[in-house]
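One structure below.
The values are calculated or read from the model by the stated rules, or taken from the named source; none is laboratory data. Remember, predicted model here, so these are calculated numbers, not experimental data. All Cβ positions, even for glycine, are placed from backbone atoms using ideal geometry, and neighbour counts span all protein chains on display.
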Amino acid sequence: MLESKSCRALGEDVALVIALSTSHSSGKAVQLERPREATIGELALTLGAHATTALGPMASAALGAGGTLALEGPAALRLELSGTYYAPQTVKFDQHPSDGAKMKLLRAGLRLCRLWSLSAIDLGGCVGGQLFRLAGTGFGSAVVSRSGVSTLGGPSLGVFARLQLSDRLALLFAADGVVQLARDSFVFGVFGLLHKPSSFALQLFLASEVRL
């Protein structure tokens, strides 16, 4: 039973009682949802696994898998270090199919991204550098040197997109274009050029990421 000197004061008392009774009956304190954008500026360490394809370093599209370690912090910046192992490929001379080389490719990359948040989706632009190690082991009668290594790489420019599946788990897509400043050729002494990497490489990544 409530008593008051005025109807206005009585109305305020009734509203207070209703609010308190509602909070008590639910058994939980009222919590305010933190905006999704607030997590972009927080310091966080993430670990991810990716599947990728690279066009340019090898004779055909190279398929690979690898991992990424990233640090995100103030100013919505993301610094990531990643590495990839690609499935080997065999390259042969068209006119001499018994001569050629087995090629193996490894990659190490460093990228810095600026992120923007759109609800559950984060978008970003990235700059960095990529380094490839392309090793070839020759076979056939025309082989002079059985093995050779070419170091490729240069500056990269790319885009980044992330879909937050939960507070800790996310799905990522990224694409990078790399200008390969250094690129050695693989040559057979008898038949000549076997493979020369392209001056430009394109990489596509699909990854899952866990916030530690």
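Which condition from (1) outside any strand (DSSP E or B); (2) exposed (fewer than 14 other Cβ atoms within 10 Å of the Cβ) is the one that residue 90 breaks? Only one criterion is unmet by residue 90, namely (1). Among the residues here, residue 140 qualifies as at positive phi and either surrounded by 13 or more Cβ atoms within 10 Å (Cβ to Cβ) or touching a Pro at 6+ places or on another chain (Cβ under 8 Å) (or both). Within segment 191-212, the residues that satisfy the criterion of being exposed (fewer than 12 other Cβ atoms within 10 Å of the Cβ) and among the aliphatic types (A, V, I, L, M) are 193, 212. Quick test of your reading of the structure: residue 167 fulfils all but one of (1) modelled with pLDDT of 95 or more; (2) not in a strand (DSSP E or B). Name the failing condition by number. Of everything listed in (1) modelled with pLDDT of 95 or more; (2) not in a strand (DSSP E or B), residue 167 misses just condition (1). Among (1) surrounded by fewer than 19 Cβ atoms within 10 Å (Cβ to Cβ); (2) on the phi < 0 side of the Ramachandran plot, there is one condition residue 188 misses while meeting the rest; what is its number? Failing condition for residue 188: (1).
Listed by first and then second residue, the pairs linking a residue in segment 80-99 that is in the same structural domain as residue 139 (by TED's automatic domain parsing) and at pLDDT 95 or above to a residue that is assigned to a loop (DSSP other than H, G, I, E, B) and of a type outside the set (Gly, Ala, Ser), with Cβ atoms under 7 Å apart and 6 or more places separating them unless they lie on different chains, are 89/58. Is it true that residue 193 is over 24 Å from residue 128 (Cβ atoms), free of Cβ contacts under 8 Å to residues at least 60 places away in the same chain and in a strand (DSSP E or B)? The answer is yes for residue 193.
Annotation note: Cβ proximity below 9 Å between a residue of segment 162-188 that is closer than 20 Å to residue 91 by Cβ and assigned by TED's automatic domain parsing to the domain that holds residue 90 and a residue that is part of a loop (DSSP other than H, G, I, E, B) and among the polar types (S, T, N, Q) (sequence gap 6+ or interchain) occurs for 180/198; 180/199; 183/198; 183/199.
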